[in-house]
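Structure first, then comments.
Please treat every number below as a calculation from the coordinates, not as lab data. Remember, predicted model here, so these are calculated numbers, not experimental data. Quick reminder, even Gly has a Cβ in these numbers, built from the backbone with ideal geometry, and neighbours come from all protein chains shown.
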There are 6 protein chains.
Amino acid sequence: MPEIMVFAAEGRTLEQKRGLVKDLTEAMVKNFGVPADVVTVQIVEAPKTDKAKGGVLFCDR
Amino acid sequence: MPEIMVFAAEGRTLEQKRGLVKDLTEAMVKNFGVPADVVTVQIVEAPKTDKAKGGVLFCDR
Amino acid sequence: MPEIMVFAAEGRTLEQKRGLVKDLTEAMVKNFGVPADVVTVQIVEAPKTDKAKGGVLFCDR
Amino acid sequence: MPEIMVFAAEGRTLEQKRGLVKDLTEAMVKNFGVPADVVTVQIVEAPKTDKAKGGVLFCDR
Amino acid sequence: MPEIMVFAAEGRTLEQKRGLVKDLTEAMVKNFGVPADVVTVQIVEAPKTDKAKGGVLFCDR
Amino acid sequence: MPEIMVFAAEGRTLEQKRGLVKDLTEAMVKNFGVPADVVTVQIVEAPKTDKAKGGVLFCDR
């Protein structure tokens, strides 16, 4: 605890994910004063057929 | 914002998803008075091995 | 199943919520072909101190 | 209702999942006094590239 | 990890919650083979004005 | 999109939350290359009676 869930459309590289989870965790440590090793991050990726903005799927934009 | 997450077992067609996100977004616009383009929808699909009702996986029903 | 979670800032009336859950459920029935009574909707409201867009809390906008 | 979401790294067998959803559902029935058939469980699995603890992806640990 | 989120309507006692999180955690340990202290459980409670089944809010049922 | 949900026990100040959402958003912009104003963050706080680690509620630890 705390747990961070990131809901995103697919398409990021491993390098992008590696950097993201590191920086999200540091933001939690810095601001909430928790040790890094209690912070979990899960990226919940959706295919572009499964995510929409403005009522339009990302695969249709 | 607002964000809508739909947790469902896999097995819907692209056409079903396309219709769903359109209608969910319209429901948000109509009832909460927000512009469509601030509404995001993510469908979080699970394989039938990963979702259960009544304690029984969908792959076993 | 399916389950719909709506993540929103607080501030809607009961009438708005009543209309929203009705319309979201109808959207699910129409597009995914499920009976209404298997659809659950939960509105996860956040105080304006607990939700942000563009890195700025809603209480500060 | 209630809905249980389990966020986990991938790598469990069907047998493990089958046992988990059965036991989680029984825990809900026993403690919250609801009938089993209103309890849904969804396991939201992440590839080891998409989940981190302590700021480090599981694929890098 | 793993993280368990329970989405439920409000109205349970502290004793019910205490029993639930204990049993959910034991179910995870037994079936997924993880130590208890890496399992987190969060109960996300909704007022009866914020949760619906079959398109009808719990406060209206 | 992307949407970040932070599941945490209650007890942080407004200043801590203000700093957190700013830093989480910057982490998303830097690593995923999205503009800040498409990033939403919602902190889903639980009373200490509603969150557990190791099967024990935070109010009992």
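List, shortest first and in nm to one decimal, how far the label point of residue F:47 (7 Å from Cα along Cα→Cβ) is from its counterparts in the other copies.
1.4, 1.4, 4.0, 4.2, 4.3
Among DSSP bridges having both ends in the protein assembly as shown, what percentage is antiparallel? Round to the nearest 5. Walk me through the intermediate numbers first.
On the way: 45 of 87 bridges.
Taking every DSSP beta bridge with both residues in the protein assembly as shown, the antiparallel ones total about 50 percent.
Report ³J(HN,Hα) in whole Hz for each residue of the range E:29-45, in order, from the Karplus equation J = 6.51 cos²θ - 1.76 cosθ + 1.60 where θ = phi - 60°; Gly and Pro get x.
4, 5, 8, 9, x, 9, x, 4, 6, 9, 8, 10, 10, 10, 8, 9, 8
Would you mind listing the distances between the residue D:30 label point and the same position in each other copy? Use 7 Å along Cα-to-C-beta, nm, one decimal, shortest first.
Copy-to-copy label distances for residue D:30: 0.6, 4.4, 4.4, 4.5, 4.6 nm.
Of all DSSP beta bridges located in chain F, what percent are antiparallel, nearest 5? Display every interim value, and only then the final one.
Numbers: 2 of 9 bridges.
Close to 20 percent.
What residues have an amide H closer than 5 Å to that of residue A:46, excluding those fewer than 5 places away on the same chain, when H is modeled at 1.01 Å from N in the peptide plane?
A:8, A:9, A:10
Given labels modelled 7 Å from the Cα in the Cβ direction, how far is it in nm from residue C:60 to residue A:48?
About 3.4 nm, to one decimal.
Karplus couplings for the range F:4-16 from phi (6.51 cos²θ - 1.76 cosθ + 1.60, θ = phi - 60°), rounded to Hz, Gly and Pro as x?
10, 10, 10, 9, 9, 6, 5, x, 9, 7, 4, 5, 5
What does the charge count near residue C:48 come to, summing +1 for each Lys or Arg and -1 for each Asp or Glu among other residues with Cβ under 9 Å from its Cβ? Let's see the in-between values first.
Details: positive: C:51, C:61; negative: C:10, C:50, C:60.
Summing Lys and Arg as +1 and Asp and Glu as -1 gives -1.
Find, among the residues of chain B, the one whose Cβ sits nearest the axis of the rotation taking B to D; state the distance in whole Å.
Here the nearest residue and distance are B:44, 4.
Jot down the radius of gyration and Dmax of the range E:1-55, Cα atoms only, both in angstrom.
When restricted to Cα atoms, the range E:1-55 yields Rg and Dmax of 13.2, 40 Å.
Using the Cα atoms as the points, what is the convex hull volume per residue of the protein assembly as shown in Å³? Could the numbers behind the result be given before it?
Details: hull volume 44.3 nm³, N = 366.
Expressed per residue, the convex hull around the Cα atoms of the protein assembly as shown is 121 Å³.
Using helices alone, what [θ] at 222 nm do you get for the protein assembly as shown, with -39,500 (n - 2.57) per DSSP H run of 4 or more residues, divided over all residues and rounded to the nearest 500?
-10500 deg cm²/dmol
Quick one: dipole size for the range B:1-55, taken about the Cα centre, charges +1 on Lys/Arg Cβ and -1 on Asp/Glu Cβ, in debye to the nearest 20.
Working: 8 positive and 8 negative charges, 42 e Å.
For this selection, approximately 200 debye.
Short version: ³J(HN,Hα) in whole Hz for each residue of the range C:49-61, in order, from phi by Karplus 6.51 cos²θ - 1.76 cosθ + 1.60 (θ = phi - 60°), x for Gly and Pro, what are they?
Going residue by residue, I get 7, 10, 9, 9, 9, x, x, 10, 4, 5, 6, 9, 8 Hz, with x marking Gly and Pro.
Taking the label point 7 Å from Cα in the Cβ direction, how far apart in nm is residue E:11 from each other copy of itself, listed shortest first?
Inter-copy label distances (nm, one decimal, shortest first): 3.0, 3.0, 3.0, 4.1, 4.4.
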